[in-house]
Amino acid sequence: MNFLQLCQRVASECSTSLTGPSDTTSQSGRLGQIVKWTNSGWMDLQTKYDDWKFMRSSFTVNTTASDGKYAYTDCTDVAAGTAISAFRMWELETFKIYLTSAGSDTETDLTYLDYPDWYQRWNIGAQTDSYPGWFTTDHDRAILLAPKPDGIYTLRGEYIKAATELSGDSDTPELPEEFHMAIVYRAMMKYGRYNGAPEVFADGQAEYTRMLREMGRTQRPPQMTGGCLA
C-alpha cells in the first residue's frame, strides 16, 4: 500500500463515519490527524529495533589515491544507485575492499579499530600510502582508512538506514507489503489514545503486537534467549 492507501485504511479501521482522505497533503481536522498518525506509525516501526533487515542496505565507494576519509554521502547505495541520504550507522563487520583494477576476486576483509586505537596507531608521523587493511569511523560517521590508499580501491559493506517519512500520496514504505498493516495498527493506537476510543486502541495494540511477532521471524536476526548453561 502507498501512503494514501494506508491513510484510507486507518480511517476505515478507526471509524465507520470517516471516509477518505482523498489525498495526504491538504487534510485538516480529523483526517489531517489520520495522515499525521499514519506517518508517525511508520516512523515508530522503523525505529522499533536497531536490527530490522528491511532497514539494512549495501553500499560501495571507490577510493582516491592518498585520500583516507569517506563520508557516507560519498558512498553509493547499491540498490538505489544513488548517494546515501538516509543514513543511521555502519554495519562494521561487513566492510571489504579490493584493488579495483585487480577485480573482486582479490577482495579482503577490513579490520575495524576503535577510533582511539586507530588514532594512536595511524594518525602519527608520516605514513606510506598502501593497500588499506584497517578502518574506523569518526565523530562525523565518516570512514577512515589506514593506510591511505595508494590507488583506486573498491570498498563495500552494509549500513543501517535512518527512518524516513512518508509525504506524497504515492510514497510506499520500504517494507515487505505483507507487513504494511503494522503501520495501520500503530496509527489506530494513536487515534484511540487521542480520541478516547479504548476499543480502537485495544484492537490496534493487539494486532500491532501480533504483527511485530510475525515480522520478527523474517525481519530480524535470530534472537538469543536463555541464560548460561549449568
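Computed from the coordinates by the stated procedures, all read-outs in this text should not be read as laboratory data. Keep in mind the model is a prediction, meaning the values are calculated, not measured. In this analysis, Cβ positions are derived from the backbone assuming ideal geometry, glycine residues included, and neighbour counts consider all displayed protein chains.
Side notes on the structure shown:
For every residue, the table says whether it meets (1) charged (D, E, K, R); (2) under 20 Å from ASN39 (Cβ atoms); (3) touching a helix residue (DSSP H, G or I) at 6+ places or on another chain (Cβ under 9 Å).
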| position | (1), (2), (3) |
| --- | --- |
| HIS139 | no, no, yes |
| HIS180 | no, yes, yes |
| ARG186 | yes, yes, yes |
| GLY204 | no, yes, yes |
| ARG210 | yes, no, yes |
| ARG220 | yes, no, yes |
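- Condition broken by ASP105, with the remaining ones in (1) closer than 20 Å to THR154 by Cβ; (2) assigned to a loop (DSSP other than H, G, I, E, B); (3) free of Cβ contacts under 8 Å to residues at least 40 places away in the same chain satisfied: (2)
- The set of residues from the range 113-148 being in a strand (DSSP E or B), surrounded by 13 or more Cβ atoms within 10 Å (Cβ to Cβ) and either touching a Gly at 6+ places or on another chain (Cβ under 7 Å) or without any contact (Cβ under 8 Å) to a residue 40 or more places away in the chain (or both) comprises TRP134, THR136, LEU144, LEU145, ALA146.
- Answer from GLY81, GLY133 - the residue that is over 23 Å from the mean Cα position of the chain (by Cα) and small (Gly, Ala, Ser): GLY133
- Taken residue by residue, the range 159-173 has no member that is part of a loop (DSSP other than H, G, I, E, B), at negative phi and free of Cβ contacts under 8 Å to residues at least 40 places away in the same chain.
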